[in-house]
């Protein structure tokens, strides 16, 4: 299969959006449905230097944050070169014109395979919320005017994760949720800003003024690196009520969004080990919750605790793997997709979400690790790795099918591919690419 090389210097005139495309925004890291998918149609299956490239806009530096798109604008978190400065940016979605760039802060700390701009922004269509590994949490309007800011690290102590804070904020039902699941003792080597025990917590912030609505402690019996998580909270609507779910530190917990009270918890890892940290977030579908164990240790489906179920949450199936270390599972059109992108053939598996029966399994190959999470729309799965190799797969069906492969030489690439307005938005260390007609 021919590999299409996309060069950063190519300038392509934007093509007019087809009137048949019905736009769906991508306002949060895992998209409009919190599961990595969109209902967008007419998405690109292939592209080249002269076909299906709407625009390419330069970025000031690398980031693991996924772009978010809403109301015809694209919002991006970024380092300035390799730091210590980090910024928030806004682009016009139709032509890639940079509308504003706002300096948010500076931090000289360095983390392996990570930086200060890893959390993805989130937007409600009028305001945008940016969070950084420094603890800086900033709300701006669509013109880039700062409405409020605070620093959760200054307020609540060192964020204290070995590879740097990476959880993205969740905006849901007029509340901004921030998760901090960390070890209880500050790191040495200058990362700590104070002594003393540190708590883990889920916090709800009023998006209008930045004030704390509630802060719920999240205790654990894990230890050392096992106390840490890089995951993002997600909402779970069932039986007429909403729960805010999160995973990490050996537990899945569910919280009342109105007050933060813990509704139930499930200990998915009982054999305590030093390094049971969790990177992927949870995903829900068909009334179940899908989670991962640490370091490619398997995927499980969790039936939540009542109402309507047993008083205690329970595992209904486990899939031994190949399983993710970093990539959050994808739920799309009644199927669950998991990616083991670290070793071997870097395998994608399509599972029946009710039984864990594999429909198909296939290897992505490639030189680099596939740490970005899968995204999907229009019957296609979009995969990208750190060295810029891109694979488009056919969703569903009974066999593994590669539809297209491409390469972007702008490493490192750590962000998932966002989908909105009939286009793909691919964030590299150098540019923001908009792919589509």
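Just so you know, all these numbers are worked out from the coordinates, no wet-lab data involved. Predicted model only: the values in this text are computed from it and were never measured. A quick note on method: Cβ atoms are made from the backbone with ideal geometry, for glycine too, and the neighbour counts reach across all protein chains shown.
Please label the shape of segment 331-437 as rounded, prolate or oblate, based on the square roots a ≥ b ≥ c of the eigenvalues of the alpha-carbon gyration tensor (a/c under 1.5 means rounded; beyond that, a/b larger than b/c means prolate, else oblate).
oblate
Using alpha-carbon pairs under 8 Å, 6+ residues apart, how would you state the relative contact order of segment 150-279 in percent?
21
Distance between the C-alpha centers of segment 379-421 and segment 91-150? Whole Å please.
When both Cα centres are located, 25 Å separates them.
Given the peptides 301-313, 425-437, arrange them by the average over their residues of other C-beta atoms within 10 Å, most packed first.
By packing density, highest mean first, the sequence is 425-437, 301-313.
In which sequence would 296, 271, 113 go, from the one with the fewest C-beta neighbours within 10 Å to the one with the most?
Going from sparsest to densest Cβ surroundings: 271, 113, 296.
State the extension gain, in nm to one decimal, for the chain segment bounded by residue 49 and residue 163, taking 0.36 nm per residue of separation less the distance between their alpha-carbons.
Full-extension gain reported as 37.5 nm.
Taking every DSSP beta bridge with both residues inside segment 3-435, roughly what % is antiparallel (nearest 5)?
In segment 3-435, DSSP labels about 95 percent of beta bridges as antiparallel.
Quick one: if you stick a label point 7 Å off each Cα along the C-beta vector at residue 23 and residue 310, how many nm between them?
4.8
Among (i) 23.9; (ii) 19.2; (iii) 20.4, which one is mean projected area of the Cα convex hull in nm² computed from these coordinates?
Answer label, from the structure shown: (ii).
So how do 333-345, 355-367 stack up, highest first, on mean other-Cβ count within 10 Å?
In descending order of packing, they fall as 333-345, 355-367.
Would you please classify the overall shape of segment 302-390 from the alpha carbon gyration tensor, given that a ≥ b ≥ c denote the square roots of the eigenvalues, rounded means a/c under 1.5, and beyond that prolate means a/b larger than b/c while oblate covers the rest?
prolate
So what's the back-of-envelope 222 nm ellipticity for the chain, counting only DSSP H runs of four-plus at -39500 (n - 2.57) apiece and dividing by all residues, rounded to 500?
After summing the helix terms and dividing by the residues of the chain, the value is 0 deg cm²/dmol.
With a/c under 1.5 counting as rounded, go ahead and sort segment 194-263 into rounded, prolate or oblate using the C-alpha gyration tensor (a ≥ b ≥ c being the square roots of the eigenvalues; past the cut-off, prolate if a/b is larger than b/c, else oblate).
oblate
Applying a 10 Å radius around every beta-carbon, put 78-89, 370-381 in order of their mean neighbour count, most first.
Those peptides, ordered most packed to least, come out 370-381, 78-89.
If you build the convex hull over the alpha carbons only and average its shadow over all orientations, what do you get for segment 20-78? Give it in nm² to one decimal.
Over all viewing directions, segment 20-78 projects a mean Cα-hull area of 5.2 nm².
Report the relative contact order of segment 271-348, percent, no decimals, based on alpha-carbon pairs under 8 angstrom and at least 6 residues apart.
25
Which value in nm describes the separation of the simple spin-label points at residue 409 and residue 256, placed 7 Å from the Cα toward the beta carbon?
5.9
From Cα pairs below 8 angstrom and at least 6 apart in sequence, can you work out the relative contact order of segment 3-435, rounded to a whole percent?
It rounds to 15 percent for segment 3-435.
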